Amino acid sequence: MLSLKSKWPGRDDLNGKDRRRVEAVTAPASGFEKPEAFEVMQGGAGTSTKIVNRDAFSQSGANLTFAEEEQFKLGNALFRKLWVSTPASTKASDGLGPLFNARACQSCHLKDGRGHPPEGDSDATSMFLRLARGPVTEEERRELETFVRPNFPDPVYGGQLQDLAVPGLKAEGHMAITYENEPVTLGDGTVVNLRRPVYSAEDLAYGPLDEHTTLSPRIAPPMIGLGLVQAIHPADILKNADPADKDGDGISGKPAIVRDANGDLVLGRFGWKAQNPTVRQQSAGAFAGDIGISTPDVPNSHGDCTAAQADCLAMPVGVQKNLGDSEAPDPVLELVTFYSENLAVPARRDAAGKEVLRGKELFYGIGCASCHAPKYVTSRKAENPAHRFQLIWPYSDFLLHDMGDGLADGQPVGVADGREWRTPPLWGIGLTGTVSGHTFLLHDGRARNLTEAILWHGGEAQPARDGFSQLDKKDRDALIAFLESL
Ligand code: HEC
Ligand code: HEC
């Protein structure tokens, strides 16, 4: 924390005049009679204003150049590409696994939208269990403290449970979920039934899990606006951090500290625990862990096989020396990253509606905006000109918060303990049903709609959650109408 704040004490990309402009436009909303200027264009100049349908999350940023559009299309093809096992006749597509959860990025990030828990006939493809434990030895403690490693994988199963494997190899096992009904009574007597999930790893093919290994269920988050999130100046995120709650508002907010590809200490922003600093690092990790494909950044072609899985390590890999040292040599990762960074955020709908504006007022009034920080102006130094100096409205502080026992998974990740989660951005959340055909929310999809998602908030968010549950039906509906308009 200290080291990051001294690295980025303030914005180093703005002159005095710019700084005053930025402060003025990012000040909290003061009136709720009409929308704020540019609020509708929640993803800045790149916002998609196309017709809203199932493809609403799959549009490229509206301010990309023609050449970048082409790059985006190539990236899209690779994002959808189905990888196959080695040996195969289609040499350029092999290398899958040996262990994997899915054969393509798109299998989990379907329509670039949100994953879901297995429901009815659907399988668990777009959701998996991360396996990890905290440090046990002195050396592990040192590795954690110096941010060399965020936690420690299961000695046999590795960092996640892969429920698929190439022919000739056993899959690791399956995630099983049971739900317990949990009725909650709101202030006006309305009863809402929440479902509390219980997770286990079943059909384990390589013996039991280590006794210290914890299970962290994760669904795939939506893919929109990620380049813009990356372009937020670190000083603007650190400004909201208050890990010791010095201002006494009950909300701390811890920045995730991680190492980037060069080994430098930077802010984590991506993933449900903000464990990754860049879209590229997250994508290289996904290639290796989710699909079992090596890239120049994560050159391990056996993916998540561990030393204890000798039969896994004995499987052939898909590297072709004439193309490079990994199964997906350059420019695959580069193009997939570019695609992932440039999916447009859709424009707001009905931002001027009376009920929506009332909901927005309540969102500020009951303290949702304390974590779901509305707006930023991105850095002038962002790598891609399309992401520079954009007024954006992600509704997140990108910090870690204690969300209480209800949401705790007990799995530490870097500075995040087993109760802490990153505030997720809320832009596009009202289109979840349109794009993904479901409205399962939160890190594991346990909430079946927005109301349930709010009622699961605990810990630092307990007062805001209680504020919501005390509203009358008309105001609750207004708050939901506001979220639906994002
Ligand atoms: C098996 C399902 C699955 C596959 C396949 C998959 N992802 Fe993901 N993706 C996830 C999950 C789950 C998360 C959340 C991870 C976490 O919090 O640990 C995620 C997170 C991400 C994020 C961060 C988003 C954010 O808002 O923080 C990016 C970027 C991403 N994936 C890109 C990719 C790319 C690129 C590929 C293909 C190389 C891919 N993913 C393949 C499930 C998947
Ligand atoms: C203390 C910080 C904090 C406050 C205050 C807070 N939230 Fe959240 N919110 C979070 C975090 C962290 C998550 C992710 C929790 C998880 O997935 O387990 C979240 C998740 C959500 C989600 C689901 C997002 C998704 O992508 O699945 C919605 C919707 C939401 N919050 C709305 C609200 C509303 C409305 C309020 C005010 C009543 C509120 N939040 C107050 C931190 C907060």
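For Lys50, a cut-off of 17 angstrom between C-alpha atoms picks up these lysines, skipping any fewer than 8 places away in its own chain: Lys111.
Loop-resident GluC sites (Glu not before Pro) (DSSP state other than H, G, I, E or B) in the range 1-105 with no more than 14 further Cβ atoms inside 10 Å of their Cβ: Glu33. With unit charges on the beta carbons (Lys and Arg positive, Asp and Glu negative) and the dipole taken about the Cα centre of the chain, which residue among Ala244, Thr295, Trp393 sits farthest to the positive side? Towards the positive end, the residue furthest out is Trp393. Eigen-decomposition of the gyration tensor built on the alpha-carbon atoms of the range 67-188 gives equivalent ellipsoid semi-axes of 30, 25, 19 angstrom, largest listed first. If you restrict to DSSP beta bridges whose two residues both lie in the range 2-484, what percentage is antiparallel, to the nearest 5? Bridges in the range 2-484 are about 95 percent antiparallel. Placing unit charges on the Cβ atoms only, positive for Lys and Arg and negative for Asp and Glu, gives the chain a dipole magnitude near 1420 debye about its Cα centre.
As a quick test, which of the pairs Lys5/Lys239; Lys17/Lys360; Lys7/Lys254; Lys73/Lys321; Lys360/Lys473 have an alpha carbon distance above 19 angstrom in this structure? Table pairs above 19 Å Cα-Cα are Lys17/Lys360; Lys73/Lys321.
Each Cα pair under 8 Å and six or more residues apart adds its separation to the average, and for the range 2-484 the resulting relative contact order is 22 percent. Put a dot 7 Å past the Cα of Thr26, heading toward its Cβ, do the same for Lys91, and the two dots end up 5.0 nm apart. Once the C-beta distance of Asp247 and Glu70 is scaled by a Förster radius of 51 Å, the resulting FRET efficiency is 0.60 to the nearest 0.05. Distant-in-sequence amide contacts of Asn449, defined by a placed amide H-H separation under 5 Å and a gap of 5 or more residues or a different chain, comprise Leu441.
Take the Cα of Tyr364, step 7 Å toward its Cβ, do the same at Asn449, and the gap between the two points is 2.8 nm. Residues whose amide H comes within less than 5 Å of that of Ala416, counting only those at least five positions distant or on another chain, are absent (H built at 1.01 Å from N in the peptide plane). Computed over the Cα atoms of the chain, pair by distinct pair, the Kirkwood hydrodynamic radius stands at 23.2 angstrom.
Normalised by the number of residues in the range 359-486, the average gap of Cα pairs under 8 Å and 6 or more apart makes the relative contact order 27 percent. Counted residue by residue at 0.36 nm each, then reduced by the alpha carbon distance between them, the extension gain from Lys5 to Thr49 reaches 12.1 nm.
Share of carbon and sulfur in the accessible area of the chain stands at 55%, probe radius 1.4 Å. Rg and Dmax of the range 298-455, based on Cα coordinates, read 21.0, 63 Å.
Using Cα pairs closer than 8 Å and at least 6 residues apart in sequence, work out the relative contact order for the range 75-207, in percent. It rounds to 18 percent for the range 75-207. Protection proxy ranking of 208-214, 361-367, 82-88, by the mean of other Cβ atoms within 10 Å over each peptide's residues and highest first, is 361-367, 82-88, 208-214. Derived scalar couplings between HN and Hα for the range 133-147 equal 9, x, x, 10, 8, 4, 5, 5, 4, 5, 4, 5, 5, 9, 6 Hz in order, rounded to whole Hz, by the Karplus curve 6.51 cos²θ - 1.76 cosθ + 1.60 (θ = phi - 60°), x for Gly and Pro.
Computed over protein heavy atoms with a 1.4 Å probe, the accessible surface of the chain works out to 42 Å² per residue. When you count the other C-beta atoms within 10 angstrom of each residue and take the mean per peptide, 344-352, 280-288, 96-104 line up highest first as 96-104, 280-288, 344-352.
Here the 3J(HN,Hα) profile of the range 231-241, calculated from phi with Karplus coefficients 6.51, -1.76 and 1.60 at θ = phi - 60°, is 8, 5, 5, x, 4, 6, 7, 5, 4, 8, 6 Hz, Gly and Pro shown as x. Here the range 340-396 yields Rg over Rh of 1.06, to two decimals, using C-alpha coordinates and the Kirkwood radius. Annotation note: trypsin sites (Lys or Arg not before Pro) in the range 187-266 located in DSSP loop regions with a Cβ neighbour count of at most 13 within 10 Å are Lys246. From the square roots a ≥ b ≥ c of the eigenvalues of the alpha-carbon gyration tensor of the range 176-283, which class results: rounded (a/c under 1.5), prolate (a/b over b/c), or oblate? Judged from the Cα gyration tensor, the range 176-283 comes out oblate (a/c at least 1.5, b/c at or above a/b). Spacing of the modelled spin labels on Asn240 and Leu323, each 7 Å from Cα toward Cβ, amounts to 4.1 nm. Once the Cα-Cα distance is subtracted from the 0.36 nm per residue extended length, the Asn300 to Val198 segment shows a gain of 33.4 nm.
The values are calculated or read from the model by the stated rules, or taken from the named source; none is laboratory data. The structure presented is a predicted model; accordingly, all values stated were derived computationally and were not measured. Note: ideal-geometry Cβ built from the backbone for every residue, glycine included; neighbour counts use all protein chains shown. Side chains included, ligands, DNA and RNA excluded: accessible areas come from the protein's heavy atoms. Shrake-Rupley method; radii C 1.70, N 1.55, O 1.52, S 1.80 Å.
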